[in-house]
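These notes are about the structure you will find just below.
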Amino acid sequence: MSDILNTIKGGGLRSLGDTGIVISEITNRQKFDELFKNLFDADRLIVMRTADAVEKISQTHPEYLDSHKKELLELFQTANHIELKWHLAQLIPRLIIRLKLNEEETGSAWDRLTQWALDKSGSRIVRVNSMQALFDIQKQYPELKKDFTDTLAKLDREIIPSLVARIKKLRKEMKS
């Protein structure tokens, strides 16, 4: 796995570097598990690129997340870096829907995503991804729809183009 770690290293936070190469090299759960460990690296760049790779790989292989439920939920609650947050916001719905988290776990994740979505000082990418995640979760848990629409109403008042565009898209999807 050191070859993969070496591929992820280098460059700046504005670049994914050779993450695409890493993604193509992860061909089984064992390699994914080795990659996953890098989410806890001290190097913010490695964490960002690992999170990107994990998120993209789990689109095709969501089953690779199965053994990482506890770690992901803990990381989700403690994440501070913007780059990690925006990928976790994309991963958490996959985890909730695939693993059918219990009520407490789902509620905690829902609250955290709502907090990220409503954080006016937060990254707009994190906010949009969190809003999308809330939408995806409420499709599986209809009892959360009212809470979701209340969150959208609060966000809609901010008149931030990226948020307004996503709200418009989500409201259109809700009608269909």
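The values are calculated or read from the model by the stated rules, or taken from the named source; none is laboratory data. None of these values were measured; they are calculated from a predicted model. Note: ideal-geometry Cβ built from the backbone for every residue, glycine included; neighbour counts use all protein chains shown.
Brief remarks on what is shown
- Some residue of the range 131-148 being in contact with a Phe, Trp or Tyr (Cβ under 7 Å, 6 or more places away or on another chain) and either surrounded by fewer than 21 Cβ atoms within 10 Å (Cβ to Cβ) or under 24 Å from Lys31 (Cβ atoms) (or both): yes
- Thr60 passes every criterion in (1) under 19 Å from Asn28 (Cα atoms); (2) buried (at least 20 other Cβ atoms within 10 Å of the Cβ) apart from (2).
- Test: residue in the range 39-48 that is in contact (Cβ under 8 Å) with a residue 12 or more places away in the chain, surrounded by 15 or more Cβ atoms within 10 Å (Cβ to Cβ) and basic (Lys, Arg): no
- Boolean, Ala133 is closer than 13 Å to Ala117 by Cβ and without any contact (Cβ under 8 Å) to a residue 12 or more places away in the chain: no
- Qualifying residue in the range 38-46 (condition: closer than 20 Å to Ile21 by Cα, aliphatic (A, V, I, L, M), modelled with pLDDT under 90 and touching a helix residue (DSSP H, G or I) at 6+ places or on another chain (Cβ under 6 Å)): yes
- Each residue in the range 156-168 was checked for being within 14 Å of Arg127 (Cβ to Cβ), more than 19 Å from the chain's Cα centre (by Cα) and not β-branched (Val, Ile, Thr), and 5 of them qualify.
- Residue ranges of helices (runs of 4 or more DSSP H) in the range 69-176 with at least 3 members touching a Pro at 6+ places or on another chain (Cβ under 8 Å): 124-140
- Selection status of Phe36, surrounded by fewer than 21 Cβ atoms within 10 Å (Cβ to Cβ) and among the hydrophobic types (A, V, I, L, M, F, W, C): no
- Qualifying residue in the range 139-153 (condition: within 27 Å of Ala53 (Cβ to Cβ) and in contact (Cβ under 8 Å) with a residue 40 or more places away in the chain): yes
- Members of the range 151-165 found to be more than 18 Å from Trp110 (Cβ to Cβ) and charged (D, E, K, R), listed by number: Asp156, Arg157, Glu158
- Checklist (1) surrounded by fewer than 15 Cβ atoms within 10 Å (Cβ to Cβ); (2) more than 16 Å from the chain's Cα centre (by Cα); (3) touching a residue at least 24 places away in the same chain (Cβ under 8 Å) applied to Arg98, failing item: (2)
- Within this structure, Trp110 passes the test of being surrounded by 15 or more Cβ atoms within 10 Å (Cβ to Cβ), more than 22 Å from Arg49 (Cα to Cα) and of a type in the set (Phe, Trp, Tyr).
- Looking only at residues of the range 134-145 that are of a type outside the set (A, V, I, L, M, F, W, C) and closer than 17 Å to Lys168 by Cα, we find that the one that is farthest from the chain's Cα centre (by Cα) is Lys145.
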